Amino acid sequence: MAETHVLFVEDDDVIREATQLALERDGFAVTAMPDGLSGLEAFRADRPDIALLDVMVPGLDGVSLCRRIRDESTVPVIMLSARADSIDVVLGLEAGADDYVTKPFDGAVLVARIRAVLRRFNHAGHPSPGAPPGPGAETGSALLTFGDIEVDTEGMEVRRDGVPVNLTPTEMRLLLEFSAAPGTVLSRDKLLERVWDYGWGGDTRVVDVHVQRLRTKIGQDRIETVRGFGYKLKA
């Protein structure tokens, strides 16, 4: 079985070398780069399975690098930030990152996040068990229709007015959760558990930013905010 190839961009020599060794011990193949420009070159040359990007790296910062990667690929991206309350966390998610980890981080936590993101990437086509599609959703063997939105749950394709919509695996997984129970309110904690594989408390900003990104692609009015409770897909 081929090793999972990780691109790791971090300018701190100690953190970069220690994290690379830790990931390699867990069976990952790692390409480690000290700045954003070399990271972009390595991404284009090697096409890794996942990218770990520190927010504050020289040359091309992590957020800008994430945008460049997202322009070319849906490969999973995890941002590394020194502060949990930093605006950089939100900027990274808005740029297209799938998740983030706060430094200093525990190696086991980082590996768990990597594996969770890769599971979403590799198995985005299977929504978790839940309520069947409710009123307003037309169903076929694998096709769900919500107004001008069509979701092919087997082919992993989304179309709006017949035009393909390019979703990242995390965005697709999020839409599948909403599509499984249109009109049903899903809490942020429930979405963290089902989409991000968080069996523990997580940062709900991850959900909020991804919902907003999904709205920009399928229509702002498709996903409704239920204040104090969560979100629901309009049936």
Being farther than 19 Å from Asp208 by Cα, of a type in the set (Asp, Glu) and either under 19 Å from the mean Cα position of the chain (by Cα) or part of a loop (DSSP other than H, G, I, E, B) (or both): is that true of Asp71 here?
yes
Within region 92-126, the count of residues that are at pLDDT below 85, within 15 Å of the chain's Cα centre (by Cα) and open to solvent by 20 Å² or more (accessible area, probe 1.4 Å) comes to 3
Here the residues within region 172-227 that are aliphatic (A, V, I, L, M) and either surrounded by fewer than 16 Cβ atoms within 10 Å (Cβ to Cβ) or not in a helix (DSSP H, G or I) (or both) are Ala181, Val185, Leu186, Ile223, Val226
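Of the residues Ile50, Ile15, which is of a type in the set (Val, Ile, Thr), within 16 Å of Val101 (Cα to Cα) and open to solvent by 20 Å² or more (accessible area, probe 1.4 Å)?
Ile15 is the lone residue from the list that is of a type in the set (Val, Ile, Thr), within 16 Å of Val101 (Cα to Cα) and open to solvent by 20 Å² or more (accessible area, probe 1.4 Å).
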Flagged pairs (Cβ under 6 angstrom, 6 or more apart or on separate chains; first in region 38-61, farther than 11 Å from Val77 by Cβ; second modelled with pLDDT of 95 or more and open to solvent by 70 Å² or more (accessible area, probe 1.4 Å)) are Leu40/Arg68; Gly59/Leu37; Leu60/Leu37
Taking the conditions exactly as written (in contact with a helix residue (DSSP H, G or I) (Cβ under 7 Å, 6 or more places away or on another chain) and farther than 19 Å from Ala116 by Cα), does Gly219 satisfy them or not? no
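Yes/no per residue for (1) over 21 Å from Pro169 (Cα atoms); (2) part of a loop (DSSP other than H, G, I, E, B):
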residue: Gly39; (1), (2): yes, no
residue: Gly92; (1), (2): no, no
residue: Ala97; (1), (2): no, yes
residue: Arg113; (1), (2): no, no
residue: Val117; (1), (2): no, no
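If you take the residues in region 152-167 that are among the β-branched types (Val, Ile, Thr) and modelled with pLDDT of 90 or more, which one is most open to solvent (accessible area, probe 1.4 Å)?
That would be Val163.
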Per the list (1) touching a Gly at 6+ places or on another chain (Cβ under 8 Å); (2) at pLDDT below 90; (3) among the hydrophobic types (A, V, I, L, M, F, W, C), residue check on Leu192 breaks on (2)
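The values are calculated or read from the model by the stated rules, or taken from the named source; none is laboratory data. Being a predicted model, the structure only gives us computed values, none of them experimental. No Cβ is skipped: glycine too gets one built from the backbone with ideal geometry, and neighbour counts run over all protein chains shown. When the accessible area is computed, the model is the full protein with side chains, heavy atoms only, and any ligands, DNA or RNA have been set aside. Shrake-Rupley method; radii C 1.70, N 1.55, O 1.52, S 1.80 Å.
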